[in-house]
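Peer 1: Can you keep this structure in mind? I'll have questions shortly.
Readers should treat all values here as calculations from the given coordinates under stated rules, not as data from a laboratory. On a predicted model such as this, the values are computed, not experimentally measured, just so you know. Please note: Cβ atoms are built from the backbone with ideal geometry, for glycine as well, and neighbour counts cover all protein chains shown.
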Amino acid sequence: MSDHSIPKLYHRYFVEKQDERRQLFEVVADRYHPQKGIYPGSFVHITPSLFISEMTYIDSDRRLSAFFEDSKVREFIAENKVYPQDPVIDWYQSDYSEKLPVQKGIFDVMFSFYAGFISQICKGYLKEGGIIVCNNSHGDSSLASVDKDYQLVAVIRRNTDNFTISKENLDTYLIKKDGTPINREKVIKRMVGENFTKKAFAYIFRYQPKS
Ligand SMILES: C[S@@+](CC[C@H](N)C(=O)[O-])C[C@H]1O[C@@H](n2cnc3c(N)ncnc32)[C@H](O)[C@@H]1O
């Protein structure tokens with residue numbers, strides 16, 4: 001595919017930086033077969049739409065609407081998607097903590113990468129039994145791990161462009177190097193994940209609300 005047919009911002013921030021993470025979304029789609037996904041703090045990271053047919057993106061970046069309104073976005077997704085149906089793409093140029101016209105409780109998967117405490121603030125978008133795939137960069141997986149509404153079900157390991165889902169030895173993850181319990185208040189204050197003895201690229205939690 002020529003560079004001209006790739007949406008400009010996506011090319012600059014994800015293709016040029018070799019950070020599309022295609023296989024990450026591929027392995028999640030293959031394992032969990034999500035129909036509807038939501039990606040708060042996505043910026044223009046539209047790679048999930050290549051593997052998941054209905055995606056909602058939310059980001060406060062002022063360039064978001066112009067990006068998604070460009071016909072190149074739909075063309076790029078249409079040319080690269082792996083599923084047969086037409087993609088459904090919704091986007092909101094907004095703070096994800098604001099009340100949005102997005103239905104709650106219907107999403108099979110939510111993604112949270114480098115964009116704050118999405119597991120906490122956007123929890124209501126997930127359906128019961130849905131999953132969140134989050135990393136620990138800002139501490140979101142630290143917070144999810146001490147939230148009774150979530151249960152760790154798998155981790156994603158990364159080896160350059162290869163991503164694999166593992167369910168092995170899950171009890172050996174999310175353990176702090178200094179042996180103390182995860183400190184929710186400290187994570188929220190510093191917006192940095194706890195330092196774990198064994199790290200994964202991302203953690204997959206199932207949402208089963210207790211209340
Ligand atoms: C470092 S980028 C990460 C983008 C993408 N998740 C990725 O993995 O490449 C963080 C993005 O989160 C967005 N963001 C952070 N806090 C947000 C909030 N409260 N509401 C909406 N977007 C937010 C920023 O605008 C930015 O585009």
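Peer 1: For Phe68, what charge total do you get from the other residues with a beta carbon under 14 Å from its beta carbon, if Lys and Arg give +1 and Asp and Glu give -1?
Peer 2: Here the count lands on -1.
Peer 1: By count of other Cβ within 10 Å, fewest leading, how are His4, His138 ordered?
Peer 2: His4, His138
Peer 1: Hey, another quick one. If one computes P(r) from the Cα atoms of the chain, what percent of pairs lie at distances over 30 Å?
Peer 2: 19 percent
Peer 1: Near Trp91, within a Cβ-to-Cβ distance under 10 Å, what is the net charge of the other residues, with Lys and Arg +1 and Asp and Glu -1?
Peer 2: So the surrounding residues net to -3.
Peer 1: To check you understand DSSP bridge types, tell me what percent of the beta bridges within region 3-207 (both residues inside) are antiparallel, rounded to 5.
Peer 2: Here the share of antiparallel DSSP bridges comes out near 45 percent.
Peer 1: If you don't mind, there's one more thing I want to ask. May I ask for the net charge around Arg21, where only other residues with Cβ less than 12 Å from the Cβ of Arg21 are counted and Lys, Arg are +1 while Asp, Glu are -1?
Peer 2: Here the count lands on -1.
Peer 1: Also: Shape of region 56-127 from its Cα gyration tensor (a ≥ b ≥ c, root eigenvalues): rounded if a/c is under 1.5, otherwise prolate when a/b > b/c, or oblate?
Peer 2: oblate
Peer 1: Calculate for the chain the 222 nm mean residue ellipticity that helices alone would give, adding -39,500 (n - 2.57) per DSSP H run of length 4 or more and normalising by residue count, nearest 500 deg cm²/dmol.
Peer 2: -5500 deg cm²/dmol
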